[in-house]
There are 2 protein chains.
Amino acid sequence: MTTTPPTATRPTARLTPRREAVAQCLATAGDFRSAQELHGDLANAGTKVGLATVYRALADLVEVGRVDALTRPDGETVYRACSGSHHHHLVCTECGTTVEVADDRVEQWASEMARQHGFDVVQHQVEVFGRCANCR
Amino acid sequence: MTTTPPTATRPTARLTPRREAVAQCLATAGDFRSAQELHGDLANAGTKVGLATVYRALADLVEVGRVDALTRPDGETVYRACSGSHHHHLVCTECGTTVEVADDRVEQWASEMARQHGFDVVQHQVEVFGRCANCR
DNA sequence: CTTTGTGCAAAGGCTTTGCATGCTT
DNA sequence: AAGCATGCAAAGCCTTTGCACAAAG
């Protein structure tokens, strides 16, 4: 599974400088970043943290709901600060171009489907793959 | 990227007995199976094929459009025979329960978004994660 | 005879875990 | 002093690749 949330009360994960650094770096980036990219970003910014710590920080941030995570088709997990407006992506399978799209209808659809089946929506992952205008 | 489709004409990938076995095994299963699960299924069915062959067969089947592939949140890629009706999933992040949902609206939405941006839709991936009735 | 498929084992990439150390409380 | 956070390195998992051999055209 992606999250670990079962046993009720969340012990209020500690907010350490490293975790803040990770969260802020992600917020600054604005879009999706992989753990390794973030690790690099932090290093470039002069903040030296271990890769494992980045992974652990991200796991915690996801758990407390400050960060969203999704898995790309190549299997890498990417993270994004929760703040920004929610949107999805159109990805060109040839050149890799990515276009962000936002449309409430999908969000509504997801909630509705979940409600219908007694689910409590936590997250949804919607990515559309195809060929962009230039590659057709 | 997930697919390799660029250079126009597809050389008609060869249809060998192993590939047929993989395709059929997947069709029989009906739902999503990972490469490793399929490898196991085939072994159980008495069809001995190497794991690498299963991966290669699946890659080809995806390329020629006989199989759909999607990546789960844990990073594993799962495959499904293209035939069956297209649907998406509601996945419980706690117990793993999966519910299939079908609704044209998402399909329409995906096509529309793509068209609006000049994309040619090839595939889309829509999964909703949450907690099911039993786990709430 | 040339081309493509197959197996096996090794290599790769991303992520998690074990263990000792350093802070925080 | 007790408990969690960190780093580093090792281990894990899924997937891909290299290479030699067999099969198909």
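The values are calculated or read from the model by the stated rules, or taken from the named source; none is laboratory data. Given the structure is predicted, the values throughout are model-derived calculations rather than measurements. Here the Cβ is made from the backbone with ideal geometry for all residues, glycine too, and neighbour counts use every protein chain on show.
Residue by residue, here is whether (1) closer than 19 Å to A:Ala21 by Cβ; (2) of a type outside the set (Asp, Glu) holds:
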residue: A:Gly46; (1), (2): yes, yes
residue: A:Glu76; (1), (2): no, no
residue: A:His89; (1), (2): no, yes
residue: A:Gly118; (1), (2): no, yes
residue: A:Gln123; (1), (2): no, yes
residue: A:Gly130; (1), (2): no, yes
residue: A:Ala133; (1), (2): no, yes
residue: A:Arg136; (1), (2): no, yes
Worksheet item: Given (1) away from chain B (no Cβ under 13 Å); (2) part of a loop (DSSP other than H, G, I, E, B), where does A:Asp41 come up short, assuming only one miss?
Response: (2)
Worksheet item: Out of all the residues in region B:68-83, is one or more away from DNA strand D (no atom under 16 Å from the Cβ) and buried (at least 19 other Cβ atoms within 10 Å of the Cβ)?
Response: yes
Worksheet, complete the sentence: Exception for A:His88 within (1) surrounded by 21 or more Cβ atoms within 10 Å (Cβ to Cβ); (2) in contact with a Leu (Cβ under 8 Å, 6 or more places away or on another chain) falls at (2)
Worksheet item: Just for region A:35-60: of the residues that are more than 8 Å from DNA strand C (Cβ to nearest atom) and under 23 Å from A:Glu127 (Cα atoms), which one is surrounded by the fewest Cβ atoms within 10 Å (Cβ to Cβ)?
Response: A:Glu37
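Does region B:107-124 contain at least one residue that is among the β-branched types (Val, Ile, Thr), within 11 Å of another protein chain (Cβ to nearest Cβ) and in contact with a Phe, Trp or Tyr (Cβ under 9 Å, 6 or more places away or on another chain)?
Narrowing region B:107-124 to residues among the β-branched types (Val, Ile, Thr): B:121-122.
From what is left, the residues that are within 11 Å of another protein chain (Cβ to nearest Cβ) are B:121-122.
Narrowing the set further to residues that are in contact with a Phe, Trp or Tyr (Cβ under 9 Å, 6 or more places away or on another chain) leaves B:121-122.
Within region B:107-124 (the criterion being among the β-branched types (Val, Ile, Thr), within 11 Å of another protein chain (Cβ to nearest Cβ) and in contact with a Phe, Trp or Tyr (Cβ under 9 Å, 6 or more places away or on another chain)), the answer is yes, since at least one residue qualifies.
Within region A:30-39, identify whether any single residue is hydroxyl-bearing (Ser, Thr, Tyr) and at pLDDT 90 or above, and answer yes or no.
Our first condition is that a residue be hydroxyl-bearing (Ser, Thr, Tyr); within region A:30-39, this holds for A:34.
From what's left, at pLDDT 90 or above: A:34.
Yes: one or more hits.
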Worksheet item: Going by the structure shown, is B:Arg72 under 13 Å from the mean Cα position of the chain (by Cα), within 14 Å of DNA strand C (Cβ to nearest atom) and basic (Lys, Arg)?
Response: yes
Fill in: Selection from region A:16-57 of residues that are within 25 Å of B:Gly75 (Cβ to Cβ), over 14 Å from the mean Cα position of the chain (by Cα) and away from DNA strand D (no atom under 13 Å from the Cβ)
A:Gly40, A:Asp41
Fill in: Residue that is farthest from B:Ala81 (Cα to Cα), among those in region B:18-33 that are within 14 Å of DNA strand C (Cβ to nearest atom) and surrounded by fewer than 17 Cβ atoms within 10 Å (Cβ to Cβ)
B:Glu20
Worksheet item: Name the strands (runs of 3 or more DSSP E) wholly within region A:62-123 that hold at least 1 residues that are at pLDDT below 80?
Response: A:88-92, A:98-101
